[in-house]
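Report on the structure given below.
Since every read-out is calculated from the coordinates, none of them should be taken as a lab result. Fair warning: this is a prediction, and the values are worked out from it, not measured in the lab. Here the Cβ positions follow ideal geometry from the backbone for every residue, glycine too, while neighbour counts run over all protein chains shown.
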Amino acid sequence: MAARGRAVTRLSRGTLPEVRHDRVQLPPPPALAQQVGILHLGIGAFHRAHQAVFTEDAALASDQEGWGICGVTQRSAAVVDQLRPQDCLYAVLERGVGDPSVRVVGQVSDVLFAAEEGPRLTARFADPAVRLVTLTVTEKGYRRGSDGGLDLTDPVVAADLAGGARSTVGQLVRGLQARRAASAGPVSVLSCDNLTGNGEVLRRLVMDFCRALPSAEGDAIGSWVEQHVAFPSSMVDRIVPATTDADRADAATLLGVVDQALVVAEPFRQWVVEDAFAAGRPAWERAGADLVDDVEPFEQLKLRMLNGTHSLLAYLGALRGYETIAEAVSDAELASAAQRLMREDVAPTLEQPPGLDVTAYGETVLERFANPALRHRTTQVAMDGSQKLPLRLLTTVRDRLAAGATPEWASLAVAAWMAYVAAGRDRHGRQLPLDDPLADRLRSAVGTGSDPVAVATGLLGVREVFGDDLRDSAVFRDALVRHLKELL
C-alpha cells in the first residue's frame with residue numbers, strides 16, 4: 001500500500017535504514033528482545049500499544065535481556081500475517097494534542113497462530129527461558145459461568161477437557177502440563193484484562209479446569225500449579241482505538257515506509273502490577289509502571305470511573321448518532337451525565353488509591369475521552385456489553401443500593417445499554433451492531449423492544465448479567481424503566 005504516493009516499502013529489520021530517523025523513535029538493538037521470556041496470549045492492538053511498550057522501555061532503562069515477547073493470536077491469523085513479514089516490528093502512532101508522534105517497537109520477537117501452530121505454542125510453554133505468561137483476551141475470553149467460575153458447559157471448554165486446547169484456560173493448562181513434564185521450572189501468569197481481581201479470577205479458572213480433568217491427571221497438574229505458578233493481578237489503562245486507513249497513511253508519511261501492523265494510542269498510559277512473581281519479571285518500574293502490594297483500589301477506580309463512564313458515553317452516544325466518544329463528550333447533556341455518574345454514584349463507592357485523587361482522576365478521564373484525534377468509535381466500546389456491564393457498572397449499582405441510595409446515573413448507563421439492544425438503531429435510523437456473545441438471548445429477551453417495562457424485565461432476567469439480586473430490586477427496576485421511557 002502506498003501512502004499518499006510516498007511510501008512503497010514495508011517496515012522490517014531490513015528496511016529500518018529507510019525509516020525517517022529524525023522523526024521516529026527507533027527500537028533498541030534486537031539483542032535486548034532476541035530471547036523470548038514472555039509468552040503473551042491475545043496479541044491484539046492493546047498489548048502492542050501497552051505492555052509491549054512498557055517492556056521495551058524497561059529493557060532499555062535496565063539493559064535487561066531475556067524478556068522478548070512471543071505473541072499468540074487465537075481467533076485468526078491476521079496479526080501473524082501483519083507482523084511476520086515485518087520481522088515482528090510495528091509502530092505505535094500516538095495521537096494527542098498537536099501533531100502525532102510515532103515509534104517503532106521491537107520487543108515482540110516471535111508470533112504464532114495457536115489454531116495452526118499448536119506444537120510451537122506447547123514448546124514455548126515448556127521452554128525454561130519463558131518465565132512469564134501474560135494475557136489480553138478480553139472479558140469474554142475467560143469463559144466464566146454465572147457463578148464466576150469456569151463455564152464447564154461451554155462447548156469449547158468441554159472439548160478442551162477432552163484433550164483440546166482452544167480456549168484460553170485450556171491453552172494455559174495444557175501448556176502448564178507440558179512445562180511440568182519438561183521440568184521447566186516456575187512461571188508467573190499475569191492477566192492484563194479488565195476483571196476485578198484478575199489474578200485470583202484466573203487462578204480459580206485454571207484450578208476449575210484442573211479439577212474437571214480425570215482425577216489422576218487433574219490432581220497432578222493442580223498440585224504442580226499450586227506449588228510453581230504465581231497469578232499476580234494487574235490494572236492496565238490506555239485508550240487504543242481501532243486503526244484506520246487514515247492512521248496508516250499518516251504513519252507512512254512519518255515513517256517513510258508502510259506498516260501493516262500499526263497501532264494507534266493516546267499519549268497517556270498506566271500500569272499497576274501486584275509485585276508477586278514466581279520467576280522474575282522485567283524492571284517495569286523503570287518504565288513508569290507501579291509495582292504494588294495491592295492492585296484492588298486502582299482496579300476499582302479504573303473499572304468503575306473510567307470504564308463505566310466509557311460505556312455510558314458509548315451507549316448514549318451511539319443512540320444519539322455520534323460516531324466517536326469524543327463527539328459524545330462534546331454533547332453537554334452527555335458530558336454532564338458522565339460527570340454525575342463519576343461524582344454521585346461511583347466516587348462514594350471507592351477507596352482512594354495511594355497517591356491518587358479521585359476527583360482529579362475523573363476530570364482527567366473526561367479530558368482523555370474528549371481527544372478528537374483518537375476517533376474511538378462508540379460502537380467499538382459498545383461491544384460485549386453483557387460481559388462488561390457486571391464489572392464496569394453493576395458493582396457500582398450494587399454498592400449504592402446497599403448504601404440505601406438510588407444509583408440514578410449508573411442506572412441511566414445500564415438503561416442506555418438496554419435501549420441499544422432493544423432499539424438496534426440510532427435516532428437517525430441507522431443500524432447499531434450488537435456484537436455480543438449473548439446477542440441472540442438479548443434480542444429474545446427484549447421482545448418487540450418498544451415497551452420500557454418489558455425491555456427492563458426481559459433483560460433483568462438474563463442471570464449471567466444481573467444475577468437474582470438485581471433482577472428482584474424494585475428500586476433498580478424503577479430507575480431503569482424511568483430512563484427507558486425517555487431513551488426508547
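Counting only DSSP H runs of at least 4 residues, each contributing -39500 (n - 2.57), and dividing by the residue count of the chain, the helix-based mean residue ellipticity at 222 nm comes to -12000 deg cm²/dmol.
Here LYS388 is the anchor, and the lysines within straight C-alpha reach of less than 20 Å, apart from those fewer than 8 places off in the same chain, are LYS140, LYS302. Each Cα pair under 8 Å and six or more residues apart adds its separation to the average, and for segment 16-292 the resulting relative contact order is 24 percent.
Backbone geometry of segment 131-138 corresponds, through the Karplus equation with coefficients 6.51, -1.76 and 1.60 at θ = phi - 60°, to 3J(HN,Hα) couplings of 10, 8, 10, 10, 9, 9, 10, 6 Hz, x marking Gly and Pro. For LEU11, what is the net charge nearby, where nearby means another residue's Cβ is under 13 Å from its Cβ and Lys, Arg count +1, Asp, Glu -1? Taking every other residue near LEU11 into account, the sum is +3.
For the chain, the membrane-span-like helices by this rule, meaning whole DSSP H stretches whose C-alpha atoms cover at least 18 Å of axis and whose Kyte-Doolittle mean is -1.0 or above, are 168-181, 198-212, 215-228, 408-423, 474-487; this says nothing about an actual membrane.
In a simple Cβ point-charge model (Lys, Arg +1; Asp, Glu -1; nothing else charged), the chain has a dipole of about 1060 debye relative to its Cα centre. Rounded, prolate or oblate: which fits segment 296-487, taking a ≥ b ≥ c as square roots of the Cα gyration tensor eigenvalues, rounded meaning a/c under 1.5, else prolate when a/b beats b/c? Because a/c hits 1.5 or more and a/b fails to exceed b/c, segment 296-487 counts as oblate.
The modelled label-to-label distance for the pair HIS428/SER330, using points 7 Å beyond Cα in the direction of Cβ, is 1.3 nm. Over the chain, Cα pairs under 8 Å with separation of 6+ residues give a relative contact order of 15 percent. Considering only alpha-carbon pairs that sit under 8 angstrom and 6 or more positions apart, the relative contact order computed for segment 296-487 is 25 percent. Think of the chain as having a plus end and a minus end, set by charges on the Cβ of Lys, Arg, Asp and Glu; of PHE277, GLY317, ALA287, GLY317 sits farthest toward the positive end of this dipole. Summing Lys and Arg as +1 and Asp and Glu as -1 over all other residues whose Cβ lies under 14 Å from the Cβ of ARG425 gives a net charge of +3.
As I understand it, the dipole of the chain uses +1 on the Cβ of Lys and Arg and -1 on the Cβ of Asp and Glu, about the Cα centre. Which of GLN25, LEU391, LEU112 lies farthest toward its positive end? Positive-end residue among those listed: LEU112.
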